1. Residues in the range 54-79 that are part of a loop (DSSP other than H, G, I, E, B), free of Cβ contacts under 8 Å to residues at least 60 places away in the same chain and either touching an Asp or Glu at 6+ places or on another chain (Cβ under 6 Å) or surrounded by 14 or more Cβ atoms within 10 Å (Cβ to Cβ) (or both): how many?
2. Taking the range 100-111 as the region of interest, how many residues are more than 19 Å from Leu48 (Cα to Cα), of a type in the set (A, V, I, L, M, F, W, C) and surrounded by 15 or more Cβ atoms within 10 Å (Cβ to Cβ)?
3. Here are Ser191, Ser184: which of them is surrounded by 14 or more Cβ atoms within 10 Å (Cβ to Cβ) and on the phi > 0 side of the Ramachandran plot?
4. Cβ contacts < 9 Å: first residue closer than 13 Å to Leu88 by Cβ, restricted to the range 105-118; second residue assigned to a loop (DSSP other than H, G, I, E, B), any location; separation 6+ or different chain. Result?
5. Being touching a helix residue (DSSP H, G or I) at 6+ places or on another chain (Cβ under 8 Å) and aliphatic (A, V, I, L, M) is the filter here; which residues of the range 86-113 pass it?
6. Determine the pairs where a residue that is farther than 15 Å from Trp66 by Cα and touching a residue at least 40 places away in the same chain (Cβ under 8 Å), located within the range 126-141, has a partner that is part of a strand (DSSP E or B) and among the polar types (S, T, N, Q) with Cβ atoms under 6 Å apart, the partner being 6 or more residues away or on another chain.
Amino acid sequence: MTSDQKPEARHVAIIMDGNGRWAKRRHLPRAIGHQRGVEAVRKLVRSLKDTSVECLTLYAFSSENWKRPEEEVGDLMNLMRKFIRSDLPEFLANDVRLHIIGDWRGLAPDIVEMLEDALARTANGSRTLAVALNYGSQQEIARAAALAAAEGEITTESIAAHLDTAQLPPLDLLIRTSGEVRLSNFLLWQSAYAEMMFVDTLWPDFTPEDLRHALDEFAGRERRYGGR
C-alpha cells in the first residue's frame, strides 16, 4: 500500500453486546433481544459483498457465558440451532465460508454435528464468517502455547500458528457495541495491533450502515505498528 492509499479492513471482529439491554428498554424478554441480535447478524453478513471485509469474526458465545441462567443458555443454544438451519442455504448462495473458533466441540452433540456439516458444505466460500463459540482468548492462547511447546521452541510465530484464527487474515479492526470499553477475553493475541472502536449502539440496532461508517473511520486512521 502506497502512502496515499487509505487502509482497508480485510478482517473485522465484533463483540456483539447489548441484546439484553435492548430487550429490557422495551420491556421484552431477553430471548427477544437475542433473536433481534441474530437478525442483525443476518443483515450484516448479507452486506459484506459490498465492503472490503474478507472475514467477519463474531463473538457469539463465550466460555464464561455458561454462568448465565440455565434458561437463557438454553434459549441461546436453541437460537444457534435455528440460525444454522435457516442460514446455511444463504451462506451457500452468497459464497460465505463458515469458520468456528473456540472449544465448539464441547457444545451439545447435535449442535456439533450441525456445525461439522455446515463447515464442510461451506468450505469453498470466498468470504469468511468466523463465529466464536464456547470461546475464551486466554484458553486459546494456552492451548496454542502447549501445542507449540510439544513441537519444539515456543515463539510468537509458533504460538500464532496454533491459534484458532491461524487460517484467517490478521485482525484489522475490532468493534464493541453497547458502550462497554473492554475486550472480555476476546481475541487478545490477535488484537495486538488491531484498531479498536467502542460504539454506544446496542447490538440489535447495529446496521450495515454502521459497519460502513466504522470502515470509513478505519480508512482515516494511520497504522504505525510501533513505528513513526
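Read the figures in this text as sums done on the coordinates, not as results from a lab. Owing to the predicted nature of the structure, the values given are computational and were not obtained by experimental measurement. Ideal geometry is used to build each Cβ from the backbone, glycine not excepted, and the neighbour counts take in all protein chains shown.
1. Total meeting the criteria: 1.
2. Counting residues in the range 100-111 that are more than 19 Å from Leu48 (Cα to Cα), of a type in the set (A, V, I, L, M, F, W, C) and surrounded by 15 or more Cβ atoms within 10 Å (Cβ to Cβ) gives 4.
3. Selected residue: Ser184, the only one of Ser191, Ser184 that is surrounded by 14 or more Cβ atoms within 10 Å (Cβ to Cβ) and on the phi > 0 side of the Ramachandran plot.
4. So the pair list comes out as Leu115/Leu107.
5. Once the filter is applied, which keeps residues that are touching a helix residue (DSSP H, G or I) at 6+ places or on another chain (Cβ under 8 Å) and aliphatic (A, V, I, L, M), the range 86-113 yields Leu88, Leu92, Val96, Leu98, Ile100, Ile101, Leu107, Ala108, Ile111, Val112.
6. Ala130/Thr57
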